[in-house]
1. Pick from B:195, B:297, B:169 the residue whose mean-square fluctuation is largest in a GNM of chain B, springs joining Cα atoms under 10 Å.
2. Please sort by residue number the GluC sites (Glu not before Pro) in the range B:305-401 whose DSSP state is loop and whose Cβ has at most 11 other Cβ atoms within 10 Å.
3. Ignore the peptide's own chain and count Cβ atoms of other chains within 10 Å of each Cβ in B:309-318; give me the average, rounded.
4. For chain B, build the charge dipole from Cβ charges (+1 Lys, Arg; -1 Asp, Glu) around the Cα centre, then report which of B:300, B:333, B:186 sits farthest towards its positive end.
5. For the range B:194-250, what is the charge dipole size about the Cα centre, in debye to the nearest 20, if Lys and Arg each add +1 at the Cβ and Asp and Glu each add -1 at the Cβ?
6. What list of ³J(HN,Hα) couplings, whole Hz, do you get for the range A:258-264 from phi and the Karplus terms 6.51, -1.76, 1.60, once you set θ to phi - 60° and write x for glycine and proline?
7. Name the long-range amide H neighbours of residue A:403: under 5 Å, sequence gap of 5 or more, or other chain; modelled H, no Pro or chain starts.
8. Round to a whole angstrom and tell me the spacing of the C-alpha centers of the range B:110-124 and the range B:200-275.
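Values in this text are rule-based calculations from the coordinates and carry no lab data. Predicted model only: the values in this text are computed from it and were never measured. Ideal geometry is used to build each Cβ from the backbone, glycine not excepted, and the neighbour counts take in all protein chains shown.
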Amino acid sequence: MVETSFQAELPPSLTFSPIALADLPTFGPRLGQIALHRQDGSAHLEISTPNLMTATSHGVIPHLSRDHVNVTKAIRWVHVPFESFLSHTPPIPTLQPGPHPIHRFLGYDPSQHIVSMSARDPFDGRDMPANGKDFISVYCIRGVRKITPNMWNSYTSACNPDVVTALSDTPFTPPPHSQKRITKSIEKSSAWLTDILQAQSQQVLAQGVSEHQCPDISVPNVRNVLVHMAGSVTIQARQAFANSLLEKLDNRDAEQLAPLRTLDDGVAGYVFDLMPLRAALSAKMISTSEILPGLERGAMSVIAPNAQQQHDTPELSDLIQASLKHLPVTKPRLVNSANSPHEMLRLIRDVGIDMIDAHWAQSAADIGVALDFYFPTLNGSPTAIQKCVGPRVRPNGKADLGHNLYDIRYARDHSRLAANYRDALSSQALTGNSSTPASLICPCPTCSPTIGAPAYLHHSTVDHYSFAADSSPAQPSNFQPPFTRSYIHHLLHTHEMSAHSLLVMHNISVLDAFMAGIRTVLEGPTGVEEFHKHVEDFVNCFDEDQVVFDEAKVDWAGVGRARGKGSSSREEIKQALGTAVAL
Amino acid sequence: MEFEILARCHTTNARVCHMKLPHGVTMLPTFIPVATQAAIKGLSAQQVEALGVSLILNSTYHLNLRPGTEILKEAGGAHRFQGWRHNLITDGGGFSLVSLNKSARVTEEGVLFASPSTGEPIMLTPEESMAIQHAIGSDIMTQLDDVVHTLSVGPRVSEAMWRTVRWLDRCIEHHQKSEKRESQSLFAIVHGGVDPHLRDQCLDEMIKRKDRVAGYAIGGLSSGEKGRTLIKQCADKLPADRPRYCTGVGFPEDLLVCVALGIDMADCVFPTRTARFGVALTFHGPLNIRLKKHAKDFCPIDESCPCPTCASGTSRAMLHHIVTVETAGAHALTQHNIVFQARLMGGARGAIMNGIFPTYLKKFFAEYYGQAGYPEWCVNALNSVGVDLLEGKPDAKVVPGDGAQWEYSDTA
C-alpha cells in the first residue's frame, strides 16, 4: 500500500501546460509552458514555448567555454547525444559521483539548464551498420558500438538527465527500407519504450522504499521519457506506431507498468528527428527518378548546414501529423534538425511544434555566418535600425538570413553583427521615444559584452591597483561596445577560434529572439490569424534558399584549405577580379 | 609611462613595480599572454580580463598583414578592434619576420621580405615599424631589431647588435616626432647574442639613450642555459628605474628564475599553445590530459585553482574526453594555463612584498620538480642571486639539461 501511494505521489517532473487548453486544436500554432520540477528539490525551471534546444557535440556546446555557456541566457535546454561517451565501457559520465551526474560532468548548471539525453546524435545521418534484434548501432570516436535497451536504461539511470529519449530503432542503413524493416522498427521501438518505462517504474519503486527508510538522502530525479515517433516516411506505419502507444497494456505489461494504462501514459513528449525522415524522403524521390539536389548522404555534415534547395516541410508536416493525430495534444512536441527559420515557422504553424533544436543556427557559426533576422517582420521588410547595414538582398528580392563574415565586404565594416538588433551599450544612450524595446536588443556576450563577470581574479595583494575600479560583479552599466563584423572577419581569415565562439553565442541568441517574437505574436488577441500572416511575410522577406550559407561554406573551406602559403594571395586576386564571393 | 618600485627582495634582484600606462596599471613582475592575431586563442577580451590579466601582446608583423593599419586606424586602434580595455604591448616585428618569413633579408635600410600574399618585396624599416605600432596604438611599443639565430656566433652577431642600436635611434627619432610620443612608450631591445662583451657594449649604447627610452627588452636569450647568465648581466646593468622585459620566456621555472634575476615581464606562446595540445600546467608539474590515466579522474586539474575551468568543477575526465577534439577543450585549458601563469607571477609579487621570495622559490621548485630532480641551470642561476635551492636538502637530486618533466603520451 505504501508503494502504490509513493507512485501516486511521484508525478512526472516535466510538465507541459499548453495555453488556452480548452480549444486546443490537434494541429496549429500554440503557446505553452514547460516546467521542470525536480524531485530532489533543486531549482524549478520553466521554459515558454515555442522555444529552442541547444545542440551539443561530445557533450559540449561547440566552441563555448563554461563561462560563455553561463552568460548566454538563450541556453536553457541542452540536448546531449550520448553515443560519443561509448568509447569507454562503462561510459565515463556514468561514473560521475554526486547529484545530477550528467550536469556535473558536462558543467551545466541544474538551476539554469534542463539537460536531455538521447543515444544517437539526431543530426547524424551517416550510413550505419544495421541495428539488431536487441541493440542499435551508435557511433563514437573509436568507431561503431552497440547499445542495448538494458545498457541505455542503466546509463540514463546513472547519469540522471532531466529528460531521456527512449531507444528507437531508426534504420540508418541506406534507404529505401522495406515494409518489413519498417514494421520491425515500429515493434522494436515500442518494445524498447516499454523497457525503459519498466526500468523507471522499478527505480521509482526502489526510491520510494529507500526514501521511506532514509528520508535525508537525495532522491534521484524521476526520468522523463520522450519517445521518438517511428514509422519512417510511411503514413500507415507512423499511425500504427502512434496507436501502439495508445493501446491498453496487456496484462503482463500492465502489472509491471502500473499505474500506467497505456505506454503513452508514461511518455512525457514526442520527438521527431527530421534527418532520417529527409533521407528516406529523398530515397523515395530518387526511386521515382526525381533526383533532389543538395542532399548528401553518407557524410555527416557537422560543420556545414545542408544547403538544401528543396523545402520539404509540407511532406514532413504530413508525416508528423500522421503520428500525432490521435495522441493527446497536451504533451510537448520536439523537433530536431529543422534546417531554416522558415521550416521552423511552418512546423509551428502546421503542426504545433513546441521545441526545436538550434543546430541550424549553431552550425551557421561554424561557417562564419552571423545571423540577422527577426520575427515578426515589420511591413514585410527587414527592420534595419541605426546605421548598420542589413543583410544582403538577393535578386529575388529576399534578404539573407545573416552575414557571411568571410566576405571581403565586412573587412571594413565596424558595426555590430546584426542590423535587426541593437547592442546594449548603444541602446543605453537612447532615451524617451527613441529608446529600444528589450526585444530589439541582442543580449549575447558578442553584441552586449559585460565586464567584470563574475569577478576579476586577483593573484596578489597588490592587484587592486590594476582592477580596483571595476572588480565588482557585472552591472548593467558595465556594458562594453559590441564585437564588430570587421573583427570577426579578421578572426575568420586568421583561423582564430574566437570567431566561432563569438558567432555561436550570437546565433543562438538571435534564434532565441526569433522564438520570442513567435510567442509575442501568438499572445495577441487574434494571435493565430496574425501568425499566419507574419509567416507569409517572413517567407517573402527572407531568403530560404540560404545562398549566403553556400557562399560562406565555400569561403570557410577556402580558408581552411589554404590558410598559410598563398591563401591571402588568392583572395587578393579574387578581390581584384571582383569575384570574392561568386563561385 | 609612470614606473615605481614598490618593493625589492632582500636577497635576489627581484622587485615589485607599479607600471602605469594609458590603459591602466599593470603590476610587475608579470607574465604577458600572447594574442598574436588580436585574440588570445579562443577567448574574448572580457574573458581574458576576468582572469586577472592586465597586459597582453599583439604581433606587429601579423597585424600589419591582417587586418592592416588602415583598418586598425578606422576601428580606432587595436584596443577597440579586439575589445581590450587594458594594456597592450607590441613587438617590433623583427623576430616574427625572421622566424616566419624565410625570404627575409636584412639591409641597413630595414628588413626586406616577400609579402606572403603577393610575393612582392616589402621593406620593413624602423620608421615603418613605428608607424604600424602607432596605428595599433599599443601602450608599449618595441623597436625593430636585427634578429640573428639564438646561438649564432661570429661577425654577424656584432653587425646585428650595432645595427639594432642604429635602428633604435631611427625608431626614437620617428617616435619623438609623432603625436603619439606621449601616449605610447618605446622599449629598446638589448642584443649581442651570447657574447658577454657584445652585450655589454649594447647595454652601454642603449643606456646612453635612456632619457628617450621607457624600458628595455632583452632579446635573443629565450632559450639555452648560457642565456640565463647573460640575462643576469643585462638585468644587473640596466637602470633600476626602467622596466625590464625578457622576450620569449614562458616556462614556469624560467619565469621565476628571470624574476629573481631582476626581470619584470616576459611573454611567450607556451601556456596557450601547450593548452591546445592538451597540457595543463600545475604547481606539481605539467599534466598531459590526453593520457588515459586521466580518463576516470573526476578531480579538477587543481582543486585550489580559481580559473573558470577548475572553479566550475571541470574534471580531468571531462577534459580528457574533449581535449584536442572540441575547441571548448582548448578554451578550458587555455583559461587554466593563463591563470596558472598569473598565479605563479602573482605569488612572486606577494612573496616579494612580504619579504619571503627566496622561500617562495624553494617551495615552488620543490613542488614542481619533486622527485624528478632540480634542473642544474636553475640551481646555478639562483645561486648567483643568493638562493640555494639545495639548502638543507642533502638528498636532493640535480639533473643536467632542462629537466622539465613532461608526461608523454601512452597510447593517446
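1. Comparing B:195, B:297, B:169 in a Gaussian network model of chain B, the most mobile one is B:297.
2. Numbers: sites: B:326, B:367, B:376, B:391; in loops: B:326, B:391.
Those satisfying the criteria are B:391.
3. On the way: counts 4, 0, 4, 8, 5, 5, 6, 0, 6, 10.
Averaged over the peptide's residues, the number is 5.
4. Looking along the dipole axis, the top candidate is B:300.
5. Once rounded to the nearest 20, the dipole reads 120 debye.
6. Running phi through 6.51 cos²θ - 1.76 cosθ + 1.60 with θ = phi - 60° gives 3, x, 5, 9, 9, 4, 4 Hz.
7. HN-HN under 5 Å from residue A:403: A:370, A:371, A:372.
8. Spelled out, the Cα-based centre of one part sits 29 Å from the other.
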